[in-house]
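This report concerns only the one structure given below.
The values are calculated or read from the model by the stated rules, or taken from the named source; none is laboratory data. Small disclaimer: the values here were computed from a predicted structure and weren't measured. Every residue, glycine among them, receives a Cβ derived from its backbone with ideal geometry; neighbour counts consider all protein chains shown. Each accessible area value is taken on the protein alone, full model and side chains, heavy atoms only, with ligands, DNA and RNA left out. Shrake-Rupley method; radii C 1.70, N 1.55, O 1.52, S 1.80 Å.
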Amino acid sequence: MERTTYTSANIDTSPTTNTSVTVDQILKSTRNYLIHGPGGTGKSHLIKELFKWARISEIDVYCTATTGVAAVGIGGTTFHRWAGIGLADSSKEMLLHRVKSNAGAKKRIKNTDLLIIDEISMMSAEVFDKVDYICRNIRGVDKPLGGLRVVLCGDFLQLPPVVKGMYGKANAWVFNSAAYKALDLVCIKLTKYMRFIDDKYAAMLSRLRTADPTEDDLMMLLDRVNAYRAVYCDKQCDTQCDTQCDMHRDSSSGVDEIEPTILFSHRDDAAVYNLRRINELTTPEHTFIAEDCVFNKRTKSTENGELQSYKKILDDAADEVLTLRVGANVMLRCNLDIEQGLVNGSRGVVVEIKERIISDVFDPELGMYVKTVVQAGGCRVRFVNGAERMIEHFTWDMDEGDITFSRRQIPLILAYAMTIHKTQGCTLDRVICDLSKIFECAQIYVALSRVRSLKGLYIMGIDFEKIMADSTAVKYVASL
């Protein structure tokens, strides 16, 4: 495997710059690429630039990811949906039959020139080999993925693939698949952190990523446990204090306090906690309903009858039903104003809510009254950095070849708690980590690597024995 190391200087961070060195290199090449680097080094930004410039260059490109959350973050679709393989839990022969019966998937596989796959670490060897078999048959070319050119992106020292089927855990990593090995990848390594404002914290994270912390690192983490107890626990609080304890936050805080987000490893824990906290507020409840659309670019028509098949990935973009109150702690779910620091993951508190008002307004040209939006609904949010902004509806557009599907909603979610998985692509300002129930390699690193600085980190509980990295992945990454 060829290797090239890039820093953020190679990544286009200016809208006035035509393209980056890296994007230009990939677009002019005929090779397959692996873009690899730790969290916070600009991988998602780079592949969004690649996707944009490939389309400008009239390359038939698809931008995919192994999870819905990651797909939303890059404006694409899931890899499984692109391939038409569903859960991919059938044999490769059965899956091929299924894809041949799916005109859309068959067309995508035949016509795609360049396929981008984000969060490649969560792709299993078994699924990749099945799709290789399908692509060879559909495209009629006996080459890896039927001769389809790919750009893989991710970090093998983050979340691993879900293990199912005959490969077993030891061989589950996609880099162990025959198809992956045959791609003859050129590896582009991103090395410079762009997320963190604390060099000491970034250095510690680099060691946690390989499960090789120093004594000083462990002491730094213990200091953040003590910081949590000092700030969020009452003096009478038991040492086993958790989120069910009413003393874990400052009881004197008002409705405008911006609290750290608690990261859980389990989804149900986060959902229950968010519901509990918003119901503690006594301000009026306001509900925003999302507007969804499926548009066929070829026929220039809407196909909203197909909405149900896109619902899962749309739900990863934004809540279909969003209920908020003044005083609710929220998180921004889009890059609204990068220069002002209002990005995906920015924390704030709702200080005002305006309902959407539609009235009958007389149109003199038409000579009749027409329904007109006279007040756009939205929420005024005060963010951690002091900025205050009216957050109005935002549209997430996701591309699937001839089809664009979208959701229009207020780009906020409740942020008292989140799952570690849901933080993919986020840069978080203030976090409380509940790391006492970790069950997977790299979960601790993934959680901590979403936080901008050590100062914004509070640790509720941690088991140092759960600072784990998969030995197979560590060995492979060292060889890149």
ask   = In whole Å, how far is the Cα centre of region 52-120 from that of region 339-413?
value = 30
message = Per-residue counts of other Cβ atoms within 10 Å, averaged by peptide: what ranking do you get for 144-154, 308-318, highest first?
response = 144-154, 308-318
ask   = Looking at region 284-373, which GluC sites (Glu not before Pro) are in a loop (DSSP not H, G, I, E or B) and have at most 12 other Cβ atoms within 10 Å?
value = GLU355, GLU365
ask   = Counting only the heavy atoms of the protein chains, how much of MET418 is accessible to a 1.4 Å probe, in Å² to the nearest 10?
value = 10
Exceeding the 18 Å Cα-Cα cut-off - candidates LYS106/LYS311; LYS43/LYS189; LYS100/LYS130; LYS100/LYS312 = LYS106/LYS311; LYS100/LYS312
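Summing -39500 (n - 2.57) over the DSSP H runs of n ≥ 4 in the chain and dividing by its residue number, what mean residue ellipticity at 222 nm do you reach, to the nearest 500 deg cm²/dmol? Write out the running numbers ahead of the final one.
Working: 14 runs with 136 residues, N = 480.
After summing the helix terms and dividing by the residues of the chain, the value is -8000 deg cm²/dmol.
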message = Taking 22 Å as R0, compute the FRET efficiency from the Cβ-Cβ separation of CYS187 and SER471 and round it to 0.05.
response = 0.65
note = Between (i) 53; (ii) 50; (iii) 58, the structure-derived percent of Cα pairs over 30 Å apart is (ii)
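What does the charge count near VAL446 come to, summing +1 for each Lys or Arg and -1 for each Asp or Glu among other residues with Cβ under 10 Å from its Cβ? Mind showing how you got there, number by number?
Numbers: positive: ARG209, ARG450; negative: ASP155, GLU440.
Once positives and negatives cancel, what remains is 0.
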Cα pair distances exceeding 21 angstrom across region 64-212, given as percent = 47
Low-density loop cleavage sites - GluC sites (Glu not before Pro) in region 58-144, where at most 10 other Cβ are within 10 Å (DSSP) = GLU58
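Which of the helices in the chain, when you take each full DSSP H run, stretch at least 24 Å along the axis at their Cα atoms and have an average Kyte-Doolittle score of -1.0 or higher?
On the way: long enough: 215-232 (25 Å, -0.11).
Those that clear 24 Å and a mean of -1.0 are 215-232.
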message = To make sure I understand the rule: partners must be aspartates and glutamates, Cα under 16 Å from the Cα of LYS300, and not fewer than 8 residues away in the same chain. Which ones qualify?
response = ASP397, ASP399, GLU400, ASP402
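What number results when the radius of gyration of region 322-410, computed over Cα atoms, is divided by 2.2 N^0.38 Å?
On the way: Rg = 16.6 Å, N = 89, 2.2 N^0.38 = 12.1 Å.
Against the empirical 2.2 N^0.38 Å value, I get 1.37 for region 322-410.
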task = Taking amide H positions as placed in the peptide plane 1.01 Å from N, state which residues far from GLY461 in sequence (5 or more) or on other chains have amide H under 5 Å from it.
result = LEU435, SER436
